[in-house]
Number of protein chains: 6
Amino acid sequence: MSDFIRFDGRALDELRPVRITRNFTTNPAGSVLVEFGNTRVMCTASVEYGVPRFKKDSGEGWLTAEYSMLPSATHERMPRESMKGKVKGRTHEISRLVGRSLRAAVDLRELGENTIQLDCDVLQADGGTRTASITGAYVALADAVAHLKEAGVVPGEPLLDPIAAVSVGIIDGRPSLDLPYEEDSRAEVDLNVVMASSGNFVEIQGTGEHGLFGRAELNQMLDLAEKGCYELIEAQKAALGWN
Amino acid sequence: MSDFIRFDGRALDELRPVRITRNFTTNPAGSVLVEFGNTRVMCTASVEYGVPRFKKDSGEGWLTAEYSMLPSATHERMPRESMKGKVKGRTHEISRLVGRSLRAAVDLRELGENTIQLDCDVLQADGGTRTASITGAYVALADAVAHLKEAGVVPGEPLLDPIAAVSVGIIDGRPSLDLPYEEDSRAEVDLNVVMASSGNFVEIQGTGEHGLFGRAELNQMLDLAEKGCYELIEAQKAALGWN
Amino acid sequence: MSDFIRFDGRALDELRPVRITRNFTTNPAGSVLVEFGNTRVMCTASVEYGVPRFKKDSGEGWLTAEYSMLPSATHERMPRESMKGKVKGRTHEISRLVGRSLRAAVDLRELGENTIQLDCDVLQADGGTRTASITGAYVALADAVAHLKEAGVVPGEPLLDPIAAVSVGIIDGRPSLDLPYEEDSRAEVDLNVVMASSGNFVEIQGTGEHGLFGRAELNQMLDLAEKGCYELIEAQKAALGWN
Amino acid sequence: MSDFIRFDGRALDELRPVRITRNFTTNPAGSVLVEFGNTRVMCTASVEYGVPRFKKDSGEGWLTAEYSMLPSATHERMPRESMKGKVKGRTHEISRLVGRSLRAAVDLRELGENTIQLDCDVLQADGGTRTASITGAYVALADAVAHLKEAGVVPGEPLLDPIAAVSVGIIDGRPSLDLPYEEDSRAEVDLNVVMASSGNFVEIQGTGEHGLFGRAELNQMLDLAEKGCYELIEAQKAALGWN
Amino acid sequence: MSDFIRFDGRALDELRPVRITRNFTTNPAGSVLVEFGNTRVMCTASVEYGVPRFKKDSGEGWLTAEYSMLPSATHERMPRESMKGKVKGRTHEISRLVGRSLRAAVDLRELGENTIQLDCDVLQADGGTRTASITGAYVALADAVAHLKEAGVVPGEPLLDPIAAVSVGIIDGRPSLDLPYEEDSRAEVDLNVVMASSGNFVEIQGTGEHGLFGRAELNQMLDLAEKGCYELIEAQKAALGWN
Amino acid sequence: MSDFIRFDGRALDELRPVRITRNFTTNPAGSVLVEFGNTRVMCTASVEYGVPRFKKDSGEGWLTAEYSMLPSATHERMPRESMKGKVKGRTHEISRLVGRSLRAAVDLRELGENTIQLDCDVLQADGGTRTASITGAYVALADAVAHLKEAGVVPGEPLLDPIAAVSVGIIDGRPSLDLPYEEDSRAEVDLNVVMASSGNFVEIQGTGEHGLFGRAELNQMLDLAEKGCYELIEAQKAALGWN
C-alpha cells in the first residue's frame, strides 16, 4: 500500500474506528450498537419459538433479517417506507444480503425449531451501513444464541465461527478500505465482502457502475477486505470477551 | 398524596428518571435522545425549505411529525410496518398527536415557508412513549429552529414556550404519575396531558376503557400531570442551557 | 351561560336537533341513522359468531368499530380511501375512538365468544361526525344485543348503561356546545367528551391547536358536555322506547 | 308473458317498486337516493373545475364513476375495501360500467373543461345494485349539469337523453325482469341492459355461467329489458319534473 | 355482407390469421401460444391439488383465471402493475371475464377437488386480447385436463365442448369481425361474444360508448360473431387433433 | 477441467445451447427472445423521450430495468406479484442488477435526454434467468439505440462494447459453468459474473450460503465465467450481425 493519506486522515488500508456496544437495549435477546466511524447501526436478534411454514417439521431452525434506515439517518431526510406503503429495492436487497450472510454463521440443524429474527436499523448513515449491519448482527446473534442455550431450548451448538463484512472501493484509482459516504459516492468500483474467521468468503459483491475492474484490481481489493475483516473479527471477539 | 410506594420504588407523584441528550446524531438539524426510565426515543427535527401544497404562498411554515416503534423496541418483537405495507392505527394516532402538540410550540407565521419534520423513533418501549416523544421533540425543535435562524432563513422568532407531556393513570384506585408498561397495561384510567410552561393545556386525552372516571378523579390526575410537566419542562430547559 | 345567539340561532348550551332512526336498513342486526343537525351517520352493528384470534378460548366476546366518510359527504368531494389504497390517519383515529368508547358500553364476558362489528358511515358531514357516530352506535349496539339474546346465543346481559358523545369548543372566547363545521373549523379549543348515563366519563379528548386552555375553561366545557350528553342519552332512550 | 307469479308476488315482466329521491344530501351538486325494491343506492354527482391530464387542453370535459358497497349493505357483512387496501375486481368492473354508461348520456364537448364525478354507494343490497346505480346516477347527473349551467361555467347543452338500466334473467327457464338477490343468485342466465330513451342500447352484458343461452332467449330477455328501461325512464322524468 | 375491403385487406366477415401452438412452454400442465394476427397471448393452465376455502369439502373443483399484459406488449410501454402495487380495473374486468367463460367449459363436479389456474399473458397486443385469451385458454385447459386424467386424479370427464370468443364492431357504420387495434380504437360499437360449439352464448358484452346500437345492428354483429366463433372452434379442434 | 460429464451431458466448462432471436415482438424499439437451454426470457428495450426528475436538465439520458417472472414460468406456479400488491425482494434485487449492469454498456452523456426502459420477462425458468436477462437485454439495447439513431434523436454514440453474464457454481466440489435449476438448487457456492468484451468485470456476486469459498475456488469460477462470457458475447455479435 502506498502512504497516501485519505481526506479523513486514514491510510488506504485502515478501518474507521470501530465500536461494538452490547446490551444496547434490553428487550431483544441480543442487542448491539455497532459503529464504523459515523455510521451507527442498532442490530438486534429476537427469538421466536417455532419456524415459518416452509421449515415446519424439518427439525431445523430459521434465521431471517430486516435492514432499514431511520428517515433521519441520512444527510437529507428520506421518506419513511412504512408511510409510502412500499419497501425500496435497496432495502430488500440489503435485508436479503444480511440474512444470507448470517445464515452462514449458524447451523440451523443445531438450532431446533426456533427462529432468530435480526433487525438492523441504521440510526446514522455514513457509508458501509450494510457491512456494519452484518458485523454487528453477528454479535447480537451470539448473544441471542447464548440466551437460547441458557433457556435450555437449543439442542446443540448452533453458533459457528464469526463472520464480518467490510466495503472496499477504488477511488481515483486507489483501492481503499471501508468507505465513508464521501468516498463511496464517487468510487469507480465498489466491493462488499463478507468473510468468515477462517478467511473464506461468505459473499462477495463487486459493482463497477462507474468503471470496470480487472482481475488484478479485484485481487487488490480482496487483500484489503481480508485485512479489514480480520480486524473486525478481532473487535467482535473482544466485544464478546472471547479473547 | 399518600406515601404508597410503587413496584419500582417511586412515590405516586414521582417521575421516572429523565434524561435528555442533545446532538444524539449529527445529520438532522435537531437530534435528541429522550429517556423516561427505560423508555428511549430518538427525536429528530429535519428542516426542508418550502412547504406542502396546502400552505404554498401562505407566507407560513409547516410542522409535521411521524412516530414509529422499531420492531425490537417491545418485549415481544412486533412486525415492521414497512414490510406489512400499512401503518397501524395506533401509529397514525400518535403521529397526529405529536404533530398537533408541537405545532402549539411554534408560530408558523414566524417560520417563513419552511417545513420542520419531526421523527420520533422508539428504540426501547416501557410505557409513555408518546409523552416522551413530545417532550424530546420540543428540544429537537428548539435546536432546529436555532439552526434555521443561524442559516438566516427564518424571518422571525418562531419558537414558543416549552411544552412537555406526561401520562397519568389510576391503578388499583390510586392516581399515579408517569406509567411504565407494567402499570399502563393494568390502569383503569389513562390520561395523557400535554402542557405548556404557562400551565395551560395543549392537549388532554383521557380514556377509561377499563373503568369510567368522574370529575374528582380527573382533577386529581390533572394535578399530578401538572406537577410532572413542570418538572419535565425544567429538564428541557436544563438540557437546552436555558436556566 | 350568556344569552349570546349563535349563527344558526342556537344558544351556547343548546344541541342541534337530534334524530335517531332505528331499522334504517334491514340486513345488519342493528341499523341506525343518527342526525345531529345536518350531520348524518349510518351506524350499524353486525354480529359474527366467533372472536378474533387474540380472544380465542377466553370465553369473552369482542367489539370493534370502523368509521368512514363517503367521498361525497363533505362540501368538497374527498378521494375514496379504498381507491387510494390507504386509510387516512384521521379515519384510523376515529375508528379507534368509537371502538374504545363502545367497549365501555358492553360487558364482553357476558357476550360469549361473539363479535360485534360497528360501522359508522358518514352520509353527510357538518361537524361532530365522531360524536354522532358514538351516540348512534350505542343504539345500533342495543338492537344487536337484543337480536343476539333473541337468538339465544348470548349467555348473559352484555349491554351496559347508555353512553353518548358530544363536542364542545371555545369560539371567540365563548364555550359552545355541539359544533357544526362552520364553528369547528375556527374553534380555539375543541373537546370531545364521551359520557355514560352515570355522569362518569368514558373518554375526553381536548385539543388546543389554535389556543391553549386552562382548568377554568376545561371545567366550563365539561359542564356543557355533561348537559349535552344527558340530553343525548334521553334521545337514545326515547328512540329505544326505554322511557 | 305467462301469468306465473314470482316469490315476491310480481309478474315476470314487472319491475320492483321504484323510488327516486332527489336532494338526498346537500353537499354534492346532485344527490339522489334510488330504490329498486329493497336495493337502495345513494348516487351523487360532484363537480370539479378542470379535467384529468389526458383531457387537458382538449376543450372537452370528463365524467367518471366509482361504485362501492357499504360493508353492512349485504346480508353477511363484507370486509371494508379501504381496510384491506385493495379494491375487488367486482367493484372495479361495476365502476367502469357505470362510468361508460353515463358518458353516453353526456356530450363531453358541451361540458367545457369540467369533470363530473359520480359516486354510487350502496346502502342496502338486494340484487340489481349496478342497474339501480346507473338509473339513479342519471338523475344526479341531470341535477349537477343544471347546477353547472346556473353557475354559468358550461358553454353548451351537455346533458343528453335519459338512460336507464335493468337486469333480466332466466330462472327455472322463465325470463324475468329486475332480479332481487334471491332470484339473481340462482339465475341460469343474467343480462344487464343499459338503454337510452330512444330505445337504443348503450351496453348489454349477458352471462351464462350456470347455463348457456341462444338467440331466442336473448331476444325474450331484451324485450323484457326494453319494457323495464322505458318504465324506469318514465320514473326518472317524473322525479325530474320533466313530464 | 358487402365486399368492402378493410385496411388490412380482409373482408368484413373475415378473421385475422389464427395460430394456436400447443406446448409453448413446458412447466404448466397446458401451455398455448395463441395468435390472432399480431395479437399474441401465452395461455397456460396450471393444476393445483385442493380447492380454495369456499369450495372445501364440496366435492367440486374450481377454475380461476388471471389476465395480464406485459409492459412492452403495447405500442407505448405501459407501467408494470406489480410495480404500481395495484391492478387496473381493466385487468380485473378481463380476468373475471376469462374465468367466468372458461368455467362454462368445465364441469366442476367431474373435476374432483382440484383447481385449475389459467394465466393469459399478452406478449403483443393488437386488439382482441381478451377474445384471443379465451380461445387459447380453452386449448390449454383441454391439455391440463388430459394431464389430470393421465395422473389419475380426476374422477370423471370434466371437459365440456369447446368455447371460443371473438370481437365484432361497427366501424364507419360497417359491422366488422375481429378488430385489430386500429379498428377497435375508433369503433362506434364494440361487442365481445363467447360462444360454445353448440352455437349458444356463454357471454356477450356490447358497449356503445361512441354510439348507441339497436336490435338490427346487434343481430348483424351476432351473425358475424357466430361465424367467427365457429371458425375459431375449428382451429381449436385442429390444434388438439380432434378432427 | 476434468472430463466429468454433467447430468445433462455437458462438460463442466460448457454453456447450455444459446439462442438469441431478435425482433421477437414488434412494438418495442428492441425485442429479443434469449434462451439458455430451457430458460427463456423476453427482453425488450422501450424508448421514452425525456428523463426522470433527478436527471432533468443534466443533458444525460437514463436507463432502467425491470425483471419479472410470469407466474407459470416455474415448475410450481408462483402467485402473480401484481395480485399480491407487492414485489418480492428477489425481483427487486435482480431488476437492480440488470439496470446497473446495462448502464455499464451505455454512455448516458451520448444518449441525450432520453430514457431506455428494459423489461426482462421470464417465460420459462430453468436457472440462470438473471444472467440470460442481462445477455439478452444487451441485444435489445443495441437495437433500441440503433432505432434512436435512425430517428435522429441521439446526439452521439451511446452504445458501448457488449456485456454478457453467466452463472458459475460449485456442485459436489466441482466448479461448473451455467447452472440449470437442478444444479443451482444444490450448489454449494453460486457466482454470477457480468463481463464486458474487454474481459473486465461489470459486476460479480458470489454467495456461499451452503458452503464458504476461498480465493482458489473464486479464481477457478472466474476462469469459467470468463470463458462463458466470451462465448456469449460471440453469440450476441452473431445475432447482431457484427461479425
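Values as computed for the structure displayed
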{"item": "Cut-off under 5 Å, modelled amide H: who pairs with F:ASP126 long-range", "result": "F:THR39, F:ARG40"}
{"item": "Residue list for region F:121-160, given a label point 7 angstrom along the Cα-to-Cβ vector of F:ARG22 and an amide N cut-off under 12 Å", "result": "F:139-147"}
{"item": "Shielding by partners - mean other protein chain Cβ count within 10 Å, residues of C:40-48", "result": "3"}
{"item": "Fluctuation leader among D:GLU231, D:GLU183, D:GLU93 - chain D, Gaussian network, Cα springs under 10 angstrom", "result": "D:GLU93"}
{"item": "Among A:VAL51, A:VAL153, A:TYR138 the positive-end extreme of the charge dipole of region A:25-168 (Cβ point charges)", "result": "A:VAL51"}
{"item": "Long-range HN-HN contacts of E:GLU14 with modeled amide H, under 5 Å", "result": "E:LEU177"}
{"item": "Choice from E:ARG109, E:ARG19, E:ARG53 showing the highest fluctuation, given a GNM over chain E with Cα pairs closer than 10 Å", "result": "E:ARG53"}
{"item": "Structure-based [θ]222 nm, the protein assembly as shown - -39500 (n - 2.57) summed over DSSP H runs of at least 4, per residue, nearest 500", "result": "-9500 deg cm²/dmol"}
{"item": "Cα point-scatterer Debye curve for region E:198-243, base-10 log of I(q)/I(0) at q = 0.31 Å⁻¹", "result": "-1.15"}
{"item": "Cβ neighbours within 10 Å from other chains - mean over B:196-202", "result": "5"}
{"item": "Calculated from backbone phi, Karplus (6.51, -1.76, 1.60) coupling profile of region F:203-214 in Hz, x at Gly/Pro", "result": "7, 10, 9, x, 10, x, 4, 9, x, 6, 9, x"}
{"item": "HN-Hα J in Hz across region D:17-26 - Karplus 6.51, -1.76, 1.60, θ = phi - 60°, x for Gly and Pro", "result": "x, 10, 10, 10, 10, 7, 6, 5, 10, 10"}
{"item": "The protein assembly as shown shape via C-alpha gyration tensor axes, a/c threshold 1.5", "result": "oblate"}
{"item": "Neighbour-count order for F:GLU60, B:GLU14, fewest beta carbons within 10 angstrom listed first", "result": "F:GLU60, B:GLU14"}
{"item": "Size of charge dipole - chain F - debye, nearest 20, with Cβ of Lys, Arg +1 and Asp, Glu -1, no other charges", "result": "700"}
{"item": "Computed label-point distance, nm, for sites E:ILE5 and B:HIS147 using a 7 Å Cα→Cβ extension", "result": "7.5"}
{"item": "Table column - 3J(HN,Hα) (Hz), region C:34-42, Karplus curve with 6.51, -1.76, 1.60, x for Gly and Pro", "result": "10, 10, 10, x, 7, 7, 10, 10, 8"}
{"item": "P(r) tail fraction, region F:85-243 - alpha-carbon pairs more than 23 Å apart, %", "result": "41"}
{"item": "5 angstrom amide H check on B:LEU63, placed H, neighbours 5+ away", "result": "B:ILE116"}
{"item": "Exceeding the 21 Å Cα-Cα cut-off - candidates E:LYS56/E:LYS86; A:LYS88/F:LYS55; B:LYS88/C:LYS84; C:LYS55/F:LYS88; B:LYS55/F:LYS55; A:LYS149/B:LYS84", "result": "E:LYS56/E:LYS86; C:LYS55/F:LYS88; B:LYS55/F:LYS55; A:LYS149/B:LYS84"}
{"item": "In degrees, nearest ten, helix F:215-240 long axis to first principal axis of chain F (Cα)", "result": "50"}
{"item": "Spin-label model distance (nm) - E:ASP107 vs A:ASP223, 7 Å beyond Cα toward Cβ", "result": "7.8"}
{"item": "Modelled FRET efficiency - R0 41 Å, F:PHE54 with E:GLU209, Cβ distances, 0.05 increments", "result": "0.55"}
{"item": "Shielding score for D:212-219, defined as the mean number of other chain Cβ atoms within 10 Å", "result": "5"}
{"item": "Where trypsin sites (Lys or Arg not before Pro) fall in DSSP loop in region F:141-243, at most 13 other Cβ within 10 Å", "result": "F:ARG186"}
{"item": "Angle between chain D longest axis and helix D:89-103 axis [Cα atoms, degrees, rounded to 10]", "result": "60"}
{"item": "Alpha-carbon centroids, region B:33-55 and region E:107-151: separation in whole Å", "result": "54"}
{"item": "For E:ASP178, D:ASP126, order by how many other beta-carbon atoms lie within 10 Å, fewest first", "result": "D:ASP126, E:ASP178"}
{"item": "Sequence of E:MET195, E:MET83 once ranked by neighbouring C-beta atoms within 10 Å, starting from the fewest", "result": "E:MET83, E:MET195"}
{"item": "Between 0 and 90°, nearest 10: helix E:129-150 axis offset from chain E longest Cα axis", "result": "20"}
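Where a number appears in this text, it was derived from the coordinates with a stated rule and is not lab data. Just so it is clear, the model here is predicted, and its values are computed rather than measured. Cβ atoms come from the backbone with ideal geometry, glycine included; neighbour counts cover every protein chain shown.
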